[in-house]
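Visitor: Let me begin by handing over the structure; questions about it come next.
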Amino acid sequence: MGKQRHTGRAFLGFLLTFFMFFTLVAGGALASLKFTILKGDDFSEFIKNLDLKDTIEEVVINEVKNMTSEENSEEGDVVAGLTSNAVEALLTEDIVGEMTDTITTALTTDEEIDLTDMKDSCMNVVKDISSNTIDELLSEIESGAGIVSVDALKNSSVILQFEQDYDVDITTTIIEQVEATYGSSEISLEEIDIEEVKAEAHAAVDEHIIPTIEEQVNTYIEEANEVVNKEIRTIKEDSGFNELVDAFNLLLKIVNIALIVAAVMFVFMALVQILAVYRKEMNRGIKNTGISAVLAAVILIIVGLAVNIAKDMVLREFSTGEHIKQAVGNFVGENISSAVTGFVVTSVIFVVIFVVCLISAIIIKKKRDEKNGLHMADSLIEDHFSSNN
């Protein structure tokens, strides 16, 4: 009878250990994804938590960057007269980040985006560039012939680049200001204060050049606004995007619920095994709990390795082709790497649980054996005195 009871208890312990193992594998896999690529409670939070910046820049903002005079001149569709070099300078990291946030928000709402808020930031960049251009120009002249003249300005590489980028005539503007101030279109820097010349040049540019560029930037942003909204509409309409968002929001809710259920089930089964099945030998229940954790860790490591192999396949597939394809490949690869890291971290946590359970089981068994030893010694002493009496 006692043998049957021990066999039944062992079988029940095995079943509980198996289900705990299964629960940890499922819950561990979900946790590995939830705290890496599936962060957030809805699709909006999800895409904000992912590193979408580079991908959006390639897929959408790349189109905005291509809206330049040299890209469209052959088709007669010149946009604002800005070159790709000027646009590259305008779209600083901060501005691109701001644009990316606006686009990611628009992907999950019904409202179209409005990039006009970018204008002030872009104009601040333009003003900084124009100011640096004047400073570099006069430093270039000062280190050369030291004469401010039409020829000096026309031969200046920084002036030529600025005029080309923004399609403006800064040379005439500066010379007219110099002539109006000093009565001559050609002056020597040795005869006047260079800081005064800089101030005059900055004033001329601010008054006559910056407003022209501002009009071009306004036009550019309006066109960019249309392009980006068109891209977003295409994404939403052609790919069933709204249905995808709804399905993803449902998935995130299911994952959150499944994680809670898995955690509760694991704790419940562990307590049943430790406090009920192996009530008199709690160390065995604790050891079984640890075994389920370490076995789950092994499975998750194997899954992580498989996912990592899949990542390499994805990167190879997207390693060639146009920039957009490569950007998507890099995005997918980076997030798969994040998921692999999640599997590794979860596996390490499970191994730690195993070690803690193993040490706890050893300590409890040792204390129980010591207690049993003392109890046995007391019994022997009692028997000895009873027999003497």
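The values are calculated or read from the model by the stated rules, or taken from the named source; none is laboratory data. Small disclaimer: the values here were computed from a predicted structure and weren't measured. Cβ placement follows ideal geometry from the backbone for every residue including glycine, while neighbour counts extend to all protein chains displayed. SASA here: full protein model, heavy atoms, side chains in, ligands and nucleic acids out. Shrake-Rupley method; radii C 1.70, N 1.55, O 1.52, S 1.80 Å.
Visitor: Across the Cα atoms of the stretch 92-167, what radius of gyration and what greatest pairwise Cα-Cα distance (Dmax) are found, in Å?
Guide: 18.7, 60
Visitor: I would also like to ask the following. When the Karplus curve 6.51 cos²θ - 1.76 cosθ + 1.60 is applied with θ = phi - 60°, which whole-Hz ³J(HN,Hα) does each residue of the stretch 122-137 get, with x for Gly and Pro?
Guide: My calculation for the stretch 122-137 gives 5, 5, 4, 5, 4, 5, 5, 5, 5, 5, 5, 5, 4, 4, 5, 4 Hz in order.
Visitor: Further question on the same structure: Keeping the other protein chains in place, figure out the carbon and sulfur percent of the accessible area of the stretch 162-220, with a 1.4 Å probe.
Guide: Carbon and sulfur atoms account for 38 percent of the accessible area of the stretch 162-220.
Visitor: Let me ask something else. From the C-alpha coordinates alone, can you work out the Kirkwood hydrodynamic radius of the stretch 153-242, in Å?
Guide: 16.1 Å
Visitor: Filter the cross-link list K39/K236; K236/K311; K34/K311; K34/K365; K119/K236 down to pairs whose alpha-carbon distance in this structure exceeds 30 Å.
Guide: K34/K365
Visitor: Between T7 and V355, what's the calculated FRET efficiency when r is the beta-carbon distance and R0 is 30 Å? Round to 0.05.
Guide: 0.50
Visitor: Related question: Round to the nearest 0.05 the FRET efficiency obtained for S157 and T234 when R0 = 35 Å and r is the Cβ-Cβ distance.
Guide: Calculated value: 0.30.
Visitor: On to the next question. Pop a pseudo-label 7 angstrom from the Cα along the beta-carbon direction at both F18 and D117 and give the gap in nm to one decimal.
Guide: Calculated label separation equals 5.7 nm.
Visitor: Mind jotting down the three principal axis lengths of the stretch 91-249 based on Cα atoms? Whole angstrom, largest first.
Guide: 74, 22, 22
Visitor: How much area per residue is accessible in the stretch 148-196 when the probe is 1.4 Å and only protein heavy atoms are counted (Å²)?
Guide: I get 54 Å² per residue for this part.
Visitor: Mean shadow of the stretch 129-191, computed from the convex hull of its alpha carbons, in nm²?
Guide: 3.9 nm²
Visitor: Anything over 20 Å Cα to Cα? Flag those among K280/K367; K230/K253; K287/K367, in the order listed.
Guide: With Cα atoms farther than 20 Å apart: K230/K253.
Visitor: Another question about this same structure. Using a simple spin-label model with points 7 Å from Cα along the Cα→Cβ vector, what separation in nm is obtained for D101 and A258?
Guide: 3.3 nm
Visitor: Sticking with this structure for a sec: Efficiency by 1/(1 + (r/R0)^6): what FRET value for A199 and T109, r their Cβ-Cβ distance, R0 = 51 Å, to the nearest 0.05?
Guide: 0.60
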